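To keep things clear, I will list the structure first and then write my remarks on it.
The values are calculated or read from the model by the stated rules, or taken from the named source; none is laboratory data. As the structure is a prediction and not an experimental result, all values here were calculated from the model. Don't worry about glycine lacking a Cβ; one is built from the backbone with ideal geometry, like all the others, and counts go over all protein chains shown.
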């Protein structure tokens, strides 16, 4: 999958911002440095001096813009989530399966490219109630949108039943990305090798699980055949 490192995304975004003030440029450098380092070390290992060295600024300059390490990390994580959800909401497809597939692809791509940031997301969710609230509200907003779409497709599925299913599938994806981020996928990788499944194929399979759970059937248009000799991958 294409590299989706968040620090590179921020760097490219900053390069397109013309005519911004020096202070804004410095804040951008601090956030880019923080995003890069979070993919290289844990939140507890990260020090302000590390951020300053990476951003090429004096330690005193850091405190002009951020009171402490936690504030800049929470801001970076919040903006990372904003980017992720913006990409999800930009998906334009009338096909339910395609919408599910593209959303899961974004989920997996960003986790593979930013495992340290995702690990920090899970850590901050338990350690900082305010950040946990923001994350929960963002997830709930997305789950509601998906549930409304499902219940409006003339499938006989109520919004309430759709929400229960979407919430369960969202929890499944949280577990998937958690294991990927924490590098707890050795046996999964062995299984994927046996099935000759790369990340694209894995994303397809997860999307079929989503679709089957929501609609009670497999999608009419399946992009790949996971059936192997002696093993039927039908859900």
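Tabulated values for the structure
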read-out: Complete set of residues in the stretch 177-216 that are in contact (Cβ under 8 Å) with a residue 40 or more places away in the chain and closer than 21 Å to residue 123 by Cα; value: 177, 178, 180, 181, 182, 183
read-out: Residue 43, sole failed condition from (1) modelled with pLDDT under 95; (2) part of a helix (DSSP H, G or I); (3) buried (at least 17 other Cβ atoms within 10 Å of the Cβ); value: (2)
read-out: Verdict on residue 49 being in a helix (DSSP H, G or I) and under 19 Å from the mean Cα position of the chain (by Cα); value: no
read-out: Count of the stretch 62-85 residues which are over 16 Å from residue 6 (Cβ atoms) and surrounded by 15 or more Cβ atoms within 10 Å (Cβ to Cβ); value: 4
read-out: Meets criteria (assigned to a helix (DSSP H, G or I) and modelled with pLDDT under 95) for residue 94; value: no
read-out: Helices (runs of 4 or more DSSP H) contained in the stretch 122-194 and holding at least 3 residues touching a helix residue (DSSP H, G or I) at 6+ places or on another chain (Cβ under 6 Å); value: 129-151, 159-181
read-out: Yes/no for residue 88 being surrounded by fewer than 21 Cβ atoms within 10 Å (Cβ to Cβ) and part of a loop (DSSP other than H, G, I, E, B); value: no
read-out: Residue selected from the stretch 94-108 under the condition over 16 Å from the mean Cα position of the chain (by Cα) and surrounded by 12 or more Cβ atoms within 10 Å (Cβ to Cβ), by the criterion farthest from residue 125 (Cα to Cα); value: 95
read-out: Single residue of 183, 174, 154 found to be on the phi > 0 side of the Ramachandran plot and either crowded, with 16+ Cβ neighbours inside 10 Å or within 16 Å of the chain's Cα centre (by Cα) (or both); value: 183
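For (1) free of Cβ contacts under 8 Å to residues at least 40 places away in the same chain; (2) outside the structural domain of residue 40 (by TED's automatic domain parsing); (3) more than 24 Å from residue 202 (Cα to Cα), each residue gets a yes or a no:
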site	(1), (2), (3)
107	no, yes, no
116	no, yes, no
129	yes, yes, yes
140	yes, yes, yes
152	yes, yes, yes
160	yes, yes, yes
164	yes, yes, no
167	yes, yes, no
174	yes, yes, no
